[in-house]
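Before any comments, here is the structure.
Laboratory data are not the source of any read-out in this text; all were calculated from the coordinates shown. Computed from a predicted model, the values in this text were never measured in an experiment. Every residue, glycine among them, receives a Cβ derived from its backbone with ideal geometry; neighbour counts consider all protein chains shown.
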Ligand SMILES: Nc1ncnc2c1ncn2[C@@H]1O[C@H](COP(=O)(O)OP(=O)(O)OP(=O)(O)O)[C@@H](O)[C@H]1O
Ligand SMILES: [Mg+2]
């Protein structure tokens, strides 16, 4: 059994009584367990490299599952670059809070969301918190947000596999797995390998790798141009013995829709078609009795 912390110890350098902090953490862990026990599936979306489409994959997974009739929530785990409110078109809304906790913000379609972005005075204000404070905010979103009963909670994460990502993944009890996003080029694939290795170290199941921006359909000549190379995600998945979930092309319609707060899967375009196949594969991979 772990020794009770007496405070004033050398190990954490704290001059205050850290047994109180420990008690508060334990209390919050219990709250997180209780809150998360009402959610059937919890899936995090990760990537080693920035800008490869994690937030896009998260909101479109959410929108597709919502259209299928599932109850869905999205936790924006990107404290320093919160994009979920804008991508789901709810960035003008302020969440309510009272003694029962923080209330999630719902999209008109009923997707529940929470993001640090809702608490900023304006879109240009940066969050300049260090890792522990940012991780603390995510833990609070897990413990204090009134998510209610959900089929899915999707967690968007910032790029990389450092302090914040690890604390987030470890804070979610019974997490069902991670979806790793990469673009096909070598540097992104190299970084995706690190995400695979981080998930393996934490013993979190990897649902699979999605290759995003795999090929661009030119709107002028209809030719497919492989801007970032071809097949990198699939090759990496094979090498790492991880399931390959599919390839989403770069699609101008998808980007324009996303900027307007509309998930691409609600539109008729090539990326939307491919994305829906990826969602079906994710569902097959995680199905519980
Ligand atoms: N398949 C796609 N087709 C067209 N545009 C896309 C596609 N995927 C993502 N984008 C666009 O690329 C940009 C970056 O995507 P996104 O914000 O999802 O990446 P990210 O990995 O979450 O970035 P960050 O690491 O900064 O959090 C966005 O403008 C998004 O709309
Ligand atoms: Mg993002």
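Between 158, 263, 205, the Gaussian network model of the chain with springs among Cα atoms under 10 angstrom shows the greatest mean-square fluctuation at 205. With Cα atoms as the point set, region 107-238 shows a radius of gyration and Dmax of 17.7, 51 Å. Given R0 = 41 Å, the distance between the Cβ atoms of residue 268 and residue 124 translates into a calculated FRET efficiency of 0.75. Taking the Kirkwood radius as Rh and the Cα radius of gyration as Rg, region 169-289 has a ratio of Rg/Rh equal to 1.00. Applying 1/(1 + (r/R0)^6) with R0 = 51 Å to the Cβ-Cβ distance of residue 260 and residue 197 gives a FRET efficiency near 0.90. Between region 232-289 and region 61-84, the C-alpha centres lie 14 angstrom from each other. Residue order for 197, 161, fewest other beta carbons within 10 angstrom first, comes to 197, 161.
Cβ-to-Cβ counts within 10 Å put 130, 139 in ascending order as 130, 139, the fewest first.
On the principal axes of its alpha-carbon atoms, the chain has extents of 70, 44, 41 Å, going from largest to smallest. Each principal axis of the Cα cloud of region 17-112 was taken in turn, and the coordinate range along them, longest first, works out to 46, 32, 28 Å. When only alpha carbons are used to place a centre, region 35-55 and region 127-153 end up 12 Å from one another. Assign one of three labels to region 38-190, namely rounded, prolate or oblate, based on the Cα gyration tensor with a ≥ b ≥ c the square roots of its eigenvalues; rounded applies when a/c is under 1.5, prolate when it is not and a/b is larger than b/c, and oblate otherwise. Note, shape of region 38-190 comes out rounded. Of the beta bridges in region 39-286, as assigned by DSSP with both residues counted there, near 15 percent are antiparallel. In what order do 49, 22, 54 fall by count of nearby beta-carbon atoms within 10 Å, going from fewest to most? If I rank by nearby Cβ atoms, fewest first, I get 22, 49, 54.
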